[in-house]
1. Pick from the range 141-151 the residues that are touching a strand residue (DSSP E or B) at 6+ places or on another chain (Cβ under 6 Å) and surrounded by fewer than 17 Cβ atoms within 10 Å (Cβ to Cβ): which of them is farthest from N174 (Cα to Cα)?
2. Against the conditions (1) more than 22 Å from the chain's Cα centre (by Cα); (2) open to solvent by 20 Å² or more (accessible area, probe 1.4 Å), where does T190 fall short? Just the number, please.
3. Return yes when N202 is polar (S, T, N, Q) and either touching a Gly at 6+ places or on another chain (Cβ under 6 Å) or modelled with pLDDT under 85 (or both) and no when it is not.
4. Does S179 fit the bill of being at pLDDT below 90, of a type in the set (G, A, S), more than 25 Å from A269 (Cβ to Cβ) and surrounded by 14 or more Cβ atoms within 10 Å (Cβ to Cβ)?
5. Can you report the number of residues in the range 264-284 which are within 16 Å of R104 (Cβ to Cβ), in a loop (DSSP other than H, G, I, E, B) and open to solvent by 70 Å² or more (accessible area, probe 1.4 Å)?
6. Do the conditions hold for T225, that is, is it open to solvent by less than 40 Å² (accessible area, probe 1.4 Å) and within 32 Å of the chain's Cα centre (by Cα)?
7. Tell me the residue from L150, L188 that is touching a Phe, Trp or Tyr at 6+ places or on another chain (Cβ under 8 Å) and modelled with pLDDT of 95 or more, please.
8. Report, by residue number, each residue of the range 118-147 that is under 15 Å from M167 (Cβ atoms) and not in a strand (DSSP E or B).
Amino acid sequence: MIRLANWYFLLFIPLIIYIFIIKKNKSTLKFSSVKLLKSSGLRKTYKHKIGKYMICLSLIILVVALSRPQLTSQPDTIQEKGIDIAMVLDVSGSMESVDFKPNRLEVAKKTIEDFVEERPSDRLALVIFAGTAYTRIPLTLDHNIVKQSLEEITTESVNDNGTAIGMAISVGLNRLKKSDSQSKVMILVTDGENNAGAIKPNTASDLAEELGIKIYTIGVGTDETIYPEVDIFGQTRYQRYEGGLDEELLKGIAEKTGGKYYRARDPQAMSKIFSDINELEKTKFDRDDFVQYKELAFDLIKVALILLLLGIFLDRYFYIQIP
C-alpha cells in the first residue's frame, strides 16, 4: 500500500499541466515568415513536442516526489523474548553507608541501570521503599524513563523512616499480578531488616508463591554500616554499626518463591549478581505495532531529473521549433 505523507503538493499538478499543455506558448524563434524553414524540410510535427512533454512530465514527477510517497507494509508481528520484572529498591537512610564507594545506594542504582541496558525486551517496573513503599514506575518498555527515574532517587525519596520489606514486596506484587506474561520476577535490593509496615514479609512472600512470582533477594553491604557525619568544624567523622541485615529472612523469601538469595559485599559482587540474574529464562510476547515505510521520493527525483535534462535537450537543441 502507498501513502502520501505530504499529499497537498499534488495540487500543483493541474497548474503545471495548464502552463505546459493547455496554454499556447509564443514561438521561441521570431520570423516574418516560416515558409523558408518549412520548404527546407523543417516541418512542425508531434516529435517536436516530445521535449516539452518530457519537461512537463518531469515536473509532475518532482511534485509527486515532494508529496513523499511511501510504500507501507502490513503491521508485522514482532515476536520477542522477555519477562516482566519489578525492581524493588531500598532507599532507607542506611543505604548511605560508605562501605561502598560512593555509597550503597549509588552503587545499587548504577548496577540496576546497567541491568536495564541488558534487558531491552523486558517490561520493567520500579518500586522504592523505606518505612513505606510506593511504585515509582509501573511496568513499561520505555527504559529511558526507568533510568531517568533511577538517577533522581535519593534516601529522601520516601519520607517514612524504617525498612518495610513486607510492604515493598506487596507493592511489587501489585505491579506484577495483573501481568499476562508467563514469567514474572521481582528483584529485591535491601541492606536492612523488616522493622516497619503493616504487612509482614512472610505474608507477602506467601502471596508471591501463590501468584507464581519469583523473588530474587539481594543483601547489600558489608557486616558494618558506616555513616559519614560532618561536625561543626567541617571535619568528616564516621559512625559505625555492626549488623543490620536479616539474611535469614531474605533467604526464606527467595526459597519460598523459587528465587535465589545473593549477598553483595562489594560493588563487584553486586554487578556479578545482576549478571547472574540476567541469565533468567525468557518467555515470548508479541508486539504488532511495527510498520515499515519505504521512501519512494529519491527514486522519483532521479527519474524526474533524467527526464528534465533529456526534455530540455530535445526541446531546445535537437528539434527547431516551428510556430
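1. To start, the set of residues in the range 141-151 that are touching a strand residue (DSSP E or B) at 6+ places or on another chain (Cβ under 6 Å) comprises 141, 146, 149.
Going one step further and asking which of them are surrounded by fewer than 17 Cβ atoms within 10 Å (Cβ to Cβ), we end up with 141, 149.
Numbers: L141: 18, S149: 19 Å.
Of everything passing the filter in the range 141-151, S149 is farthest from N174 (Cα to Cα).
2. (2)
3. Considered against the rule, which asks whether it is polar (S, T, N, Q) and either touching a Gly at 6+ places or on another chain (Cβ under 6 Å) or modelled with pLDDT under 85 (or both), N202 comes out as no.
4. Details: at pLDDT below 90: yes; of a type in the set (G, A, S): yes; more than 25 Å from A269 (Cβ to Cβ): yes; surrounded by 14 or more Cβ atoms within 10 Å (Cβ to Cβ): yes.
Answer is yes for this residue.
5. 1
6. On the way: open to solvent by less than 40 Å² (accessible area, probe 1.4 Å): yes; within 32 Å of the chain's Cα centre (by Cα): no.
When the stated conditions are applied, T225 does not pass them.
7. Details: L150 fails: touching a Phe, Trp or Tyr at 6+ places or on another chain (Cβ under 8 Å).
Criteria check complete, one pass: L188.
8. Initially, the range 118-147 is screened for residues under 15 Å from M167 (Cβ atoms), giving 127-136.
The answer is A130, G131, T132.
The values are calculated or read from the model by the stated rules, or taken from the named source; none is laboratory data. Note that this is a predicted model, so its numbers are computed, not measured. A quick note on method: Cβ atoms are made from the backbone with ideal geometry, for glycine too, and the neighbour counts reach across all protein chains shown. Surface areas here come from the heavy atoms of the whole protein model, side chains and all, with no ligands, DNA or RNA. Shrake-Rupley method; radii C 1.70, N 1.55, O 1.52, S 1.80 Å.
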